[in-house]
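Report on one structure; see the data block that follows.
The values are calculated or read from the model by the stated rules, or taken from the named source; none is laboratory data. Note that the structure is a prediction, hence the values are computed from the model and not measured. With ideal geometry, Cβ positions are generated from the backbone for all residues, glycine too; neighbour counts draw on all protein chains shown. Accessible surface is based on the protein model in full, side chains and every heavy atom, while ligands, DNA and RNA are left aside. Shrake-Rupley method; radii C 1.70, N 1.55, O 1.52, S 1.80 Å.
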Amino acid sequence: LGWPLYLSTYLVSVVTGNIAHSYAATTGQGVSSLCLGSSGGICGLNGLMFIELVKMGNKKASQTVFRNMIWLVLFGLFFEGISNAAHVGGFLGGAAVGILFGPKYGKSYAMMRKWSLEVDSAPLDYRRAMGFGVETKKG
């Protein structure tokens, strides 16, 4: 994916997380609460990962990322000082960056067949992450 996408996702997610926290703080009981931290940006990277895994067709891994976000929000419900709004806002900001600027993926149906004559030059770790027959689209 590259460092420019990760950096821009992180920065956008920090901003969207803080905007979500500010909005939630003005509509609820915590009108004067302040938000400081990078958890919105980290949750934004989770949002980017979720969207990219969905695009790849890796349903199991995308469900795991989403389940971890649910656990994080549930954890935030039971402890004070944790801004669930910032976490959710960061996640949604990262997901938006992934949808708008993330790479596109396609399937090579020839590569998905067991006895394919097409040669797969990708390393094994790449195949484990992407899935068999999934490759980035050019352009």
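Tabulated data for the structure shown
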{"quantity": "Some residue of the range 58-74 being in a helix (DSSP H, G or I), buried (at least 22 other Cβ atoms within 10 Å of the Cβ), touching a helix residue (DSSP H, G or I) at 6+ places or on another chain (Cβ under 7 Å) and not aromatic (Phe, Trp, Tyr)", "calculated": "no"}
{"quantity": "Any pair with Cβ under 8 angstrom, 6 or more apart, that starts in the range 79-98 at a residue that is under 21 Å from SER62 (Cα atoms) and touching a residue at least 40 places away in the same chain (Cβ under 8 Å) and ends at one that is open to solvent by 60 Å² or more (accessible area, probe 1.4 Å) and of a type in the set (Asp, Glu)", "calculated": "none"}
{"quantity": "Qualifying residues in the range 76-121 (those that are at pLDDT below 85 and not in a loop (DSSP other than H, G, I, E, B)) - the one most open to solvent (accessible area, probe 1.4 Å)", "calculated": "TYR109"}
{"quantity": "Residue that is modelled with the lowest pLDDT, among those in the range 37-54 that are closer than 15 Å to ILE99 by Cβ and open to solvent by 60 Å² or more (accessible area, probe 1.4 Å)", "calculated": "VAL54"}
